[in-house]
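Here the structure comes first, spelled out in structure tokens, and everything after it is commentary.
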Amino acid sequence: MILELTINGSKRTVDITGDESLLSVLRDRMDLRGAKDGCSEGECGACTVLLDGQPIDSCIYPAAAASERRVTTVEGLAAPDGELSALQQAFVKAGAVQCGYCTPGFLMTLTALLAHNPAPARAEIIDAVSGNICRCTGYLQIVDAVAQVAGEPR
């Protein structure tokens, strides 16, 4: 089946089978490797991408259901010249990146949060990432990075 969708602002067409996940199409067919497969069950958040601006677990989302929709991956956050988004820069500055495996999922979840609420309270940030798991940072640096972007003093 032919899947037509917009990935990071570019129209794309790919031939898929009916049982492929969006994650497998992104990683294996489109060479977009930012989203990771951490659990294959939609529990860890490492595979999070934005679908029409909403965070989804792409490891359990059928690729066919993304037809004619907008998908944003972590590769689409930086500017065309490579400059990192404000949130990506804040992650680096706050030390919110350690091994990096979970980072794309956190960035996508939090990009969606900031798009809908540019000044979230810390409790809202913590609630937003409740579906993302990190084993390295302890979450404090991640929350600090979002608070920094939202304009809250550290």
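The values are calculated or read from the model by the stated rules, or taken from the named source; none is laboratory data. The structure displayed is predicted, hence computed values, not measured ones. Please note: Cβ atoms are built from the backbone with ideal geometry, for glycine as well, and neighbour counts cover all protein chains shown.
Can you tell me which residues in segment 88-108 are more than 15 Å from residue 33 (Cβ to Cβ) and surrounded by fewer than 24 Cβ atoms within 10 Å (Cβ to Cβ)?
Selection gives 88, 89, 90, 92, 93, 94, 95, 97, 98, 99.
Among the numbered criteria (1) under 15 Å from residue 25 (Cβ atoms); (2) touching a residue at least 40 places away in the same chain (Cβ under 8 Å), which one does residue 60 miss?
(2)
Across segment 6-50, what is the number of residues that are at pLDDT below 95 and within 12 Å of the chain's Cα centre (by Cα)?
Adding up the residues that qualify gives 0.
Give the residues of segment 26-60 that are touching a strand residue (DSSP E or B) at 6+ places or on another chain (Cβ under 6 Å) and more than 19 Å from residue 110 (Cα to Cα), sorted by residue number.
The one that is touching a strand residue (DSSP E or B) at 6+ places or on another chain (Cβ under 6 Å) and more than 19 Å from residue 110 (Cα to Cα): 29.
Identify, from the list 68, 124, 83, 75, the residue that is surrounded by fewer than 19 Cβ atoms within 10 Å (Cβ to Cβ), under 10 Å from the mean Cα position of the chain (by Cα) and either at pLDDT 95 or above or not β-branched (Val, Ile, Thr) (or both).
Every option except 75 fails the conditions.
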